[in-house]
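Undergrad: Have a look at this one.
We did not get these values from a lab; they are worked out from the coordinates using the rules stated. Everything numeric here is computed off the predicted structure, so don't read it as measured data. Here Cβ is always computed from backbone atoms with ideal geometry, including for glycine, and neighbour counts include all displayed protein chains.
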Amino acid sequence: MNQVALLTPILVLTLWTFIIFLIMAFGRVTSMKNPQDAAHTKDIQGTMPAWVERTSDNYNHLFEQPVAFYAVTLSIALINNFDSFMVQLAWAFVILRIIHSLVQLTINIVLVRFLLFASGWLIIAYMAYSQLFG
């Protein structure tokens, strides 16, 4: 199978992260009078509109769990031992992360976010396990 098929979900999630960055940057720039106030993120906590803080939190979340996804997916692509099911799992992870972002940016129900988060970890764990022991 073509490695591009497995790497495309990584590129899509990277672009999604950039979109979240743009939303966060717009929110921060339009909400601050003095950009220097953001010299330390802790100094602006609680001073931004809720949607800006949720977007900032989500941006940070996109550099947590997805890093493991990137590492596992790149490793599998390098090993070049995967089938269409592995590509489907990679896309499922990306879709879950996008939904997680949308939930966090809108209704922000923590239990829903947690279920999406946990589902993502199950996918990453399966992807890694299948390469080691499959």
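Undergrad: Quick check: residue separation of Y129 and N81 times 0.36 nm, minus the Cα distance between them. What number comes out in nm?
TA: Working: separation 48, 0.36 × 48 = 17.28 nm, distance 1.28 nm.
Working it through step by step, the gained length comes to 16.0 nm.
Undergrad: Give me the net charge of V103's neighbourhood, meaning all other residues with Cβ under 11 Å from the Cβ of V103; Lys, Arg count +1, Asp, Glu -1.
TA: On the way: positive: R54, R97, R113; negative: none.
The answer is +3.
Undergrad: Mind checking which of M24, T8, F114 is farthest towards the positive end of the chain's charge dipole, using Cβ charges of +1 (Lys, Arg) and -1 (Asp, Glu) about the Cα centre?
TA: M24
Undergrad: In whole Å, how far is the Cα centre of region 17-34 from that of region 40-96?
TA: Here the answer is 19 Å between Cα centres.
Undergrad: How high is the relative contact order of the chain, in percent, counting Cα pairs under 8 Å that sit 6 or more residues apart?
TA: Working: 90 pairs, mean separation 43.1, N = 134.
With pairs under 8 Å counted, the relative contact order is 32 percent.
Undergrad: Among 36-43, 54-61, how do they line up from the highest to the lowest mean number of other beta-carbon atoms within 10 Å? Intermediate results must be reported in sequence, preceding the final value.
TA: Details: 36-43: 10.2, 54-61: 18.4.
Per-residue Cβ counts within 10 Å, averaged per peptide and sorted highest first, yield 54-61, 36-43.
Undergrad: Return the FRET efficiency for the residue pair N108, L11: r is the Cβ-Cβ distance, R0 is 35 Å, and the value is rounded to the nearest 0.05. Before the final figure, lay out the partial values.
TA: Details: r = 27 Å, r/R0 = 0.78.
So the FRET efficiency works out to roughly 0.80.
Undergrad: Along the Cα-to-Cβ line of A92, 7 Å from the Cα, sits a label point; which residues in region 111-134 have backbone N less than 11 Å from it?
TA: 119-127
Undergrad: Hey, another quick one. Only helical DSSP H runs with n ≥ 4 go in: add -39500 (n - 2.57) per run for the chain, normalise by residue count and round the 222 nm mean residue ellipticity to 500 deg cm²/dmol. Don't skip to the answer; put the middle values down first.
TA: Numbers: 6 runs with 106 residues, N = 134.
Rounded to the nearest 500, it is -26500 deg cm²/dmol.
Undergrad: At 0.36 nm per residue, minus the direct Cα-Cα distance, what do M1 and F26 gain on full extension? Give it in nm, one decimal, please.
TA: Details: separation 25, 0.36 × 25 = 9.00 nm, distance 4.03 nm.
Roughly 5.0 nm would be gained on extension.
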